[in-house]
Amino acid sequence: MPLNPKEFVVIAGPCAVETYETTLQCAKGVRQAGATFFRAGAYKPRTNPRSFQGLGEKGLEILAAVRKETGLAIVTEVMEPAAVEKVAAYADVLQIGTRNMSNFPLLKEVGKARIPVILKRGMAATLDEFLHAAEYILDGGNDQVILCERGIRTFETYTRNTLDLSAVPALKERADLPVVVDPSHGTGRRSLVPPMSLAALAAGADGLLIEVHPDPDNSWTSDGKQSLDLAGFHQLMADLKRLAPHFGRTLPVLREQAAAQAARL
Ligand code: PEP
Ligand code: MN
């Protein structure tokens, strides 16, 4: 199990890797706010084939450079079985997106990897289907599966998806796996991300996956609308740090930051 049950882990970053400069700016900003994982997509599963599809291997190289520069662990999506080995060579954690939750050949392939996998709930998947998908990975011998509630399709249109926070305690009742929440895709609206993040902490989640962009309105993907800017992310992190101890959690810090804090004492 990769997550410590007393910690609340925040994974943050832009939807997609854009340029080296903006990716590094974002990583430095989220690190300063207290995130320990940086997430950005090099391969993007886009509904419209004419939308930006991600930088591919160039994006992976940018992520590796950002890890070297910042010390943040890297989370990034893998979309096809043949790419698992390559993406795992760059990433610390693999992400399986909602559109691939039922891509069984892909699940079997990440089951052979020996790094953690964040499995996002299919947008129309029941909890049973979600847990069966996780079993495909576990059965391959990879026990580092992290479930991610990212919202499901309902009749509501004001929000992009309906964030099913009841899934958090329900999944915890049914499986001994960490659960993180993605309130960015779960709501589709920047203004709703902070309140749903705090609610996820209260619901017993082990962490968050949050889209953050230094200039969200000029993001290369349509997900700018649901991305916090760096100031908004700073504020959310301050609120989480304040609230986490009430729920028996602390926010982890990077090893070098912990050393710097100890030196100041
Ligand atoms: C993403 O994480 O940027 C993404 C595309 O998410 P999802 O697979 O949940 O739609
Ligand atoms: Mn996105």
With the contact rule set at Cα under 8 Å and sequence spacing of 6 or more, what percent relative contact order holds for the chain? 20 percent
How would you classify segment 9-264 from its alpha-carbon gyration tensor, with a ≥ b ≥ c the square roots of the eigenvalues: rounded for a/c under 1.5, else prolate if a/b is greater than b/c, otherwise oblate? rounded
Restricted to pairs 8 or more residues apart or on different chains, the lysines in segment 9-264 with C-alpha atoms under 16 Å apart form a number of pairs equal to 10
How much accessible area does residue 6 have with a 1.4 Å probe, in Å² rounded to the nearest 10? 140 Å²
Computed for segment 9-264: size of charge dipole around the Cα centre, +1 on C-beta of each Lys and Arg, -1 on C-beta of each Asp and Glu, debye to nearest 20, value 360 debye
Just how much of residue 11 is accessible, in Å², when a 1.4 Å probe is used and the result is rounded to the nearest 10? 10 Å²
Probe 1.4 Å, accessible area per residue of the chain, Å²: 44 Å²
Keeping all protein chains in position, work out how much accessible area residue 108 exposes to a 1.4 Å probe, and write it in Å² to the nearest 10. 120 Å²
Could you go through segment 171-187 in sequence order and give the Karplus-derived ³J(HN,Hα) for each residue, using 6.51 cos²θ - 1.76 cosθ + 1.60 with θ = phi - 60°, rounded to whole Hz, and x for Gly and Pro? 5, 5, 5, 9, 8, 9, 10, x, 10, 10, 10, 10, x, 6, 6, x, 10
Judged on accessible area alone, 1.4 Å probe, highest first, 185, 234, 246 line up as 246, 234, 185
Which order do you get for 247, 8 if you rank them by accessible area with a 1.4 Å probe, largest at the top? 247, 8
Probe radius 1.4 Å, ligands and nucleic acids ignored: give me the carbon and sulfur share of the accessible area of the chain as a rounded percent. 53 percent
Segment 102-116 - phi-based ³J(HN,Hα) in whole Hz, Karplus 6.51/-1.76/1.60, Gly and Pro as x: 9, 8, 5, x, 5, 4, 5, 5, 6, x, 8, 6, 10, 10, x
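The values are calculated or read from the model by the stated rules, or taken from the named source; none is laboratory data. Owing to the predicted nature of the structure, the values given are computational and were not obtained by experimental measurement. Counting neighbours? That spans all protein chains shown, and the Cβs are built from the backbone with ideal geometry, glycine included. Remember, those area values only see protein heavy atoms, side chains included, never the ligands or the DNA or RNA. Shrake-Rupley method; radii C 1.70, N 1.55, O 1.52, S 1.80 Å.
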